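Inspection log for the structure reproduced underneath, given as structure tokens.
Laboratory data are not the source of any read-out in this text; all were calculated from the coordinates shown. All of these numbers come straight from a predicted model, not from anything done at the bench. Positions of Cβ are backbone-derived with ideal geometry, glycine not excepted, and every protein chain shown enters the neighbour counts.
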Number of protein chains: 2
Amino acid sequence: MKHVVIVGGGFAGLNAAKKLGGLRDVRVTLVDRQNYHLFQPLLYQVAMAGLSPADIATPIRSVLARCHNISVLQGSVEGVDLQAQAVSADFGRLEFDYLLLCCGSMPSYFGHGDWEEHAPSLKTIPQATEIRRRLLSAFEAAERTDDPETRRKLLTFVVIGGGPTGVELAGAIGEMSRFTLARDFRNIDTRLTRVILIESGPRILSMFSEQQAARAARDLEKLGVQVWPNTLATDIDEHGVQAGPERIASSTVLWAAGVRGVEVAGLIGRPGQQPERAQTDRGSGVETDRSESVKLDRGGRVVVDEDLSIPGHPNVFVAGDQACFTHQTGAPLPGTAPVAIQQGRFVARTICRDLAGKPREAFRFVDRGQMATIGRSRAVAEIGRLRFSGWFAWITWLVVHVYFLVGFKNRLLVVLHWAWSYVTFRRGARLIVEREWRFGGCAGQDGRDGRKDKTVPARDETRTDGEE
Amino acid sequence: MKHVVIVGGGFAGLNAAKKLGGLRDVRVTLVDRQNYHLFQPLLYQVAMAGLSPADIATPIRSVLARCHNISVLQGSVEGVDLQAQAVSADFGRLEFDYLLLCCGSMPSYFGHGDWEEHAPSLKTIPQATEIRRRLLSAFEAAERTDDPETRRKLLTFVVIGGGPTGVELAGAIGEMSRFTLARDFRNIDTRLTRVILIESGPRILSMFSEQQAARAARDLEKLGVQVWPNTLATDIDEHGVQAGPERIASSTVLWAAGVRGVEVAGLIGRPGQQPERAQTDRGSGVETDRSESVKLDRGGRVVVDEDLSIPGHPNVFVAGDQACFTHQTGAPLPGTAPVAIQQGRFVARTICRDLAGKPREAFRFVDRGQMATIGRSRAVAEIGRLRFSGWFAWITWLVVHVYFLVGFKNRLLVVLHWAWSYVTFRRGARLIVEREWRFGGCAGQDGRDGRKDKTVPARDETRTDGEE
């Protein structure tokens with residue numbers, strides 16, 4: 001019986017596992033750092049207080065419960081030994097016959113790692129709830145303050161990056177401030193909120209047609225979002241953003257400008273040790289990891305063969321955001337859910353073909369189009385030659401996203417949340433949840449960090465012993 | 001126009017505010033550390049992965065949005081100056097004509113503050129998600145380990161305190177391990193999970209009749225919960241609990257044994273300074289806070305007059321869990337939602353009577369009965385002379401809790417979650433969410449604390465700069 005190890009329970013890993021589930025001659029171990037599969041395309045709605053984390057996340061082991069040949073382990077993979085055909089995780093060692101790496105991507109700040117603190121990205125649930133906390137806290141702080149300059153800074157939101165995520169975030173902030181929050185505050189007029197979407201390229205949604213991108217920009221502007229194309233963020237700190245020559249005072253900056261493949265360099269090769277690589281983020285070519293013959297593209301993704309395997313290692317596959325697949329179009333496939341889903345399934349099929357003694361095929365991505373939503377009744381879509389926008393595109397977006405969401409209940413809940421928000425203009429998850437779980441007491445300030453611009457002390461420092 | 005300041009947006013504060021909303025001669029400011037009102041009675045379901053935090057929490061300002069004479073401020077009250085008739089908060093100072101303090105209660109570890117780390121309580125959303133994280137992580141860790149002793153420790157859950165919360169928690173863990181998780185694991189049989197409910201008194205649910213308490217204990221035992229009455233927890237650490245002479249090796253201990261009123265001593269009097277009080281938690285009498293003439297009972301609650309005002313200060317009221325009201329029965333009223341709701345409304349009525357020049361009345365609590373749920377189709381209820389249990393009590397419990405939940409959508413969602421869980425035996429929110437929001441990377445371990453028994457480093461230490 002062959003042992004397949006899958007690292008990562010995202011779109012690629014989960015779909016590969018599902019396809020391998022129930023087979024007789026394969027035993028599968030899926031390892032993920034989280035116990036849940038996250039439906040990334042709707043994560044921005046968690047950040048924007050529209051959905052709860054549990055609405056878009058499903059426990060991986062309950063999705064795969066019926067596949068008795070699959071065991072799911074929550075854990076961190078620390079290294080891959082290609083010679084010994086084994087994976088080392090924090091809970092032990094797993095030998096494999098086949099390996100599928102699909103650890104996804106992580107935010108890239110183009111060498112400015114210190115920006116993350118002031119401009120969180122949106123890849124994980126904790127990041128989404130952190131963004132939600134910052135966003136809602138800014139309005140609360142603006143309501144409390146009497147200083148007009150502070151208030152203006154608090155009511156200025158900057159989103160960096162004009163891709164689909166940036167557009168969704170900026171649109172949602174605009175919509176929230178104009179509709180959801182408008183009646184709830186006494187001292188501030190939330191409709192005066194400034195939302196600025198900064199894009200370094202000449203236009204937002206560069207993967208869409210110019211016409212569609214222009215439509216999206218107009219829709220954003222109707223929601224009060226200022227779109228600044230051809231603008232590079234050159235500095236971000238706690239007070240705001242330096243955007244080209246202009247300084248924007250803002251207390252809430254969000255980063256949607258770049259991602260790169262999760263580090264595989266330290267993974268394949270000597271565990272824990274980072275090979276010395278040149279900083280080639282803005283460079284041009286493909287570089288070779290010295291410790292092993294794994295090629296990475298400039299986005300940190302693993303360059304894979306036509307069958308998604310690593311050159312020279314036909315039983316080791318990389319899929320999803322972590323893979324750089326260029327054989328079909330010359331340019332790498334984008335890091336989207338459809339690519340990951342199809343690649344995950346393809347790898348499972350390839351393993352089955354191997355076991356059946358059939359020859360391998362080359363992966364081909366079937367592009368079913370792309371969509372981006374701007375807000376209520378506003379979206380752009382391109383499906384094949386079809387290009388459409390507005391209400392119909394928005395409904396299409398809704399249907400497609402609900403269709404792909406894992407789990408019947410999650411689908412039902414998300415539809416309900418959306419229907420309720422559509423009718424009432426409200427948002428279902430407007431909670432500012434503190435990070436510290438210990439009880440801080442009412443009189444004391446400790447343990448409470450519902451405010452921005454406050455450093456979170458270490459766990460032991462916030463110890464209050466407030467109970468006696 | 002009179003200014004009423006309400007500190008705390010729980011059941012008492014929110015109900016007082018609602019009653020005062022829309023009045024012409026009153027201006028109200030409600031201050032709360034959170035931006036949401038939490039429906040405490042269902043918080044255990046968030047901890048037990050059945051509901052999401054947003055399902056039982058509503059933004060206070062959206063509940064009160066239509067009351068234009070009420071402004072809501074998120075902030076921490078640091079002191080009350082009774083002479084100057086002002087409240088000092090972290091955002092500034094508020095002068096009041098009337099003050100209502102209703103900051104609720106906090107866990108009490110009877111002088112063993114160090115136990116909190118190993119045995120979290122259930123009062124806030126972060127605590128609930130922390131308990132959820134520990135509970136689910138224990139099963140994940142048990143699935144990973146090969147050592148039978150470690151596995152046994154991981155699959156032993158101890159709940160300390162046999163009141164309604166302890167019974168609900170223990171019952172839910174028993175149910176979850178027997179039904180929800182049973183099919184999802186490969187290496188462990190979750191049905192062998194040990195759940196131990198420790199109660200220091202002679203029986204659980206001491207406020208119920210003996211017959212009902214015995215029924216609840218039988219129901220718990222059917223779910224695999226061992227009930228240990230007459231047992232005192234004398235020590236709790238990371239390895240387990242010393243329960244009387246017996247040592248229980250357990251990696252997940254929950255505390256539901258005691259609460260006390262949120263410190264008002266530091267609040268009224270010199271801000272930030274704690275008057276030196278003797279440790280009278282297990283003592284007998286009422287003590288006097290030396291800094292002001294505010295009497296606290298041994299549970300840290302403020303002893304109030306018949307009209308819920310502080311003796312000598314007729315315009316300062318205390319209500320809910322923070323108040324000790326003994327005029328009706330001799331014994332203090334319990335810290336339950338019905339008491340808080342009725343007291344909040346009473347204070348609002350009293351202020352209205354004052355303004356209308358009418359004499360004050362004494363507060364009288366109308367007891368409509370009590371209920372506790374043990375699990376699926378299992379509950380006990382006492383309404384007036386009526387005592388019932390089983391399925392009918394459980395349905396009554398459901399209906400009453402949904403009825404009192406704030407907000408139509410939350411009601412609908414909770415009903416849906418419950419219906420779905422009832423039919424499928426599943427739980428809707430089985431997420432283990434890390435506390436750290438920064439991106440840790442796949443290869444690195446940093447920023448990840450999905451595991452138990454791991455200290456959470458300070459924010460800056462987990463800085464990984466993983467993006468390049």
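The ellipsoid equivalent to the alpha-carbon distribution of the range B:109-208 has semi-axes of 25, 16, 13 angstrom, derived from the gyration tensor eigenvalues as √(5λ) and listed largest first. Compute the angle between helix A:408-424 and the longest alpha-carbon principal axis of chain A, please, reported from 0 to 90 degrees and rounded to the nearest 10. Roughly 20 degrees, rounded to the nearest 10. Against the longest alpha carbon principal axis of chain B, how many degrees, from 0 to 90 and to the nearest 10, is the axis of helix B:210-222 turned? In chain B, helix B:210-222 runs at an angle near 40 degrees to the longest axis. What is the calculated FRET efficiency for residue A:249 to residue B:419, with r their C-beta to C-beta distance and R₀ = 56 Å, to the nearest 0.05? E(calc), rounded to 0.05, equals 0.70. Can you bin the range B:1-130 into rounded, prolate or oblate? Criterion: square roots of the alpha carbon gyration tensor eigenvalues sorted a ≥ b ≥ c, rounded for a/c under 1.5, prolate for a/b above b/c, oblate for the rest. Note, shape of the range B:1-130 comes out oblate. The mean count of C-beta atoms from other chains within 10 Å of the C-beta of residues in B:421-427, rounded to a whole number, is 2.
Computed packing ranks the peptides B:251-262, A:5-16, A:350-361 as A:5-16, B:251-262, A:350-361, most packed first, by mean other Cβ atoms within 10 Å. Looking at the square roots a ≥ b ≥ c of the eigenvalues of the Cα gyration tensor of the range A:351-411, which shape do they give, rounded for a/c under 1.5, prolate if a/b is larger than b/c, or oblate? Judged from the Cα gyration tensor, the range A:351-411 comes out oblate (a/c at least 1.5, b/c at or above a/b).
Distance between the pseudo-spin-label points of residue A:84 and residue B:399 (7 Å out from Cα toward the beta carbon): 6.4 nm. Using C-alpha pairs below 8 Å separated by at least 6 residues, the relative contact order for chain B is 18 percent. Basic side chains Lys and Arg get +1 at the Cβ, acidic Asp and Glu get -1 at the Cβ, and with that the dipole of the protein assembly as shown about its Cα centre reaches some 3760 debye. In terms of surrounding Cβ atoms within a 10 Å radius of their Cβ, A:305, B:219 rank from fewest to most as A:305, B:219.
With the highest mean first, a sort of the peptides A:88-96, B:114-122 on other beta-carbon atoms found within 10 angstrom per residue produces B:114-122, A:88-96.
Model label points for residue A:2 and residue A:114, set 7 angstrom from Cα along the Cα-to-Cβ axis, are 5.0 nm apart.
Looking at B:176, B:249, B:395, which one has the Cα that reaches farthest to the positive end of the dipole of chain B (charges on Cβ: Lys, Arg +1; Asp, Glu -1)? The residue sitting most towards the positive pole is B:395. Amide H to amide H distances under 5 Å link residue B:71 with B:28, B:29, B:30, where only residues 5 or more positions off or on other chains count and H is placed in the peptide plane.
For residue A:49, nonlocal amide neighbours, meaning residues 5 or more places apart or on other chains whose placed amide H falls under 5 Å from its own, do not occur. Each of A:371, A:48 has some number of other Cβ atoms within 10 Å of its Cβ, and from fewest to most they run A:371, A:48. For chain A, what class follows from the C-alpha gyration tensor (a ≥ b ≥ c being the square roots of its eigenvalues): rounded when a/c is under 1.5, otherwise prolate if a/b is larger than b/c, else oblate? Taking the square roots of the gyration eigenvalues as a ≥ b ≥ c, chain A is prolate.
DSSP beta bridges fully contained in the range B:159-270 are about 50 percent antiparallel.
If you take the alpha carbon atoms of the protein assembly as shown and fit the smallest convex hull around them, that volume is 157 Å³ per residue.
At a threshold of 8 angstrom on Cα-Cα distance, excluding pairs fewer than six apart, so keeping six or more, what relative contact order does the range B:36-151 reach in percent? Averaging sequence separation for qualifying contacts and normalising by length gives 25 percent for the range B:36-151.
Rounded to the nearest 20, the size of the Cβ-charge dipole of the range B:1-127 about its Cα centre is 680 debye, with Lys and Arg at +1 and Asp and Glu at -1. Backbone geometry of the range A:93-107 corresponds, through the Karplus equation with coefficients 6.51, -1.76 and 1.60 at θ = phi - 60°, to 3J(HN,Hα) couplings of 10, 10, 8, 10, 9, 10, 10, 10, 9, 8, 8, x, 10, 9, x Hz, x marking Gly and Pro. Scoring B:338-345, B:202-209 by mean Cβ neighbours within 10 Å over their residues and listing the highest first yields B:338-345, B:202-209. Were the residues from residue A:383 through residue A:182 laid out at 0.36 nm apart, the gain over their Cα-Cα distance would be 68.8 nm. Taken one residue at a time, the phi angles of the range A:139-155 give Karplus couplings (6.51, -1.76, 1.60, θ = phi - 60°) of 5, 4, 5, 5, 5, 7, 7, 9, 7, x, 5, 4, 4, 5, 5, 5, 9 Hz. Gly and Pro are set to x. Counting Cβ atoms of other protein chains within 10 Å of each Cβ in B:138-147 and taking the mean gives 3. The phi-based Karplus calculation (6.51 cos²θ - 1.76 cosθ + 1.60; θ = phi - 60°) puts the 3J(HN,Hα) values of the range A:164-181 at x, 5, x, 5, 4, 5, 4, x, 5, 5, x, 5, 4, 5, 7, 10, 4, 8 Hz, whole numbers, x for Gly and Pro. So how far, in whole Å, is the C-alpha centre of the range B:4-33 from the one of the range A:61-102? Taking the Cα centre of each part, the range B:4-33 and the range A:61-102 sit 55 Å apart. A Förster radius of 35 Å, combined with the Cβ-Cβ distance separating residue A:331 from residue A:358, puts the computed FRET efficiency at roughly 0.70.
Where both partners of a DSSP beta bridge lie in the protein assembly as shown, what percent of those bridges are antiparallel, to the nearest 5? The antiparallel proportion sits near 50 percent. Residue B:83 label point (Cα plus 7 Å toward Cβ) to equivalent points in the other copies: 8.0 nm, shortest first. Take the Cα of residue A:192, step 7 Å toward its Cβ, do the same at residue B:298, and the gap between the two points is 5.6 nm.
Shielding of peptide A:74-83 by partners, expressed as the average count of other chain Cβ atoms within 10 Å per residue Cβ, is 3. Between the range B:358-418 and the range B:243-265, how many Å separate their Cα centres? Each part's Cα centre sits 26 Å from the other's. Its DSSP H runs of at least 4 residues, each contributing -39,500 (n - 2.57), put the calculated 222 nm mean residue ellipticity of chain B at -8000 deg cm²/dmol, to the nearest 500. Computing Rg and the Kirkwood Rh from the Cα coordinates of the range B:286-386 gives a ratio, Rg/Rh, of 1.06.
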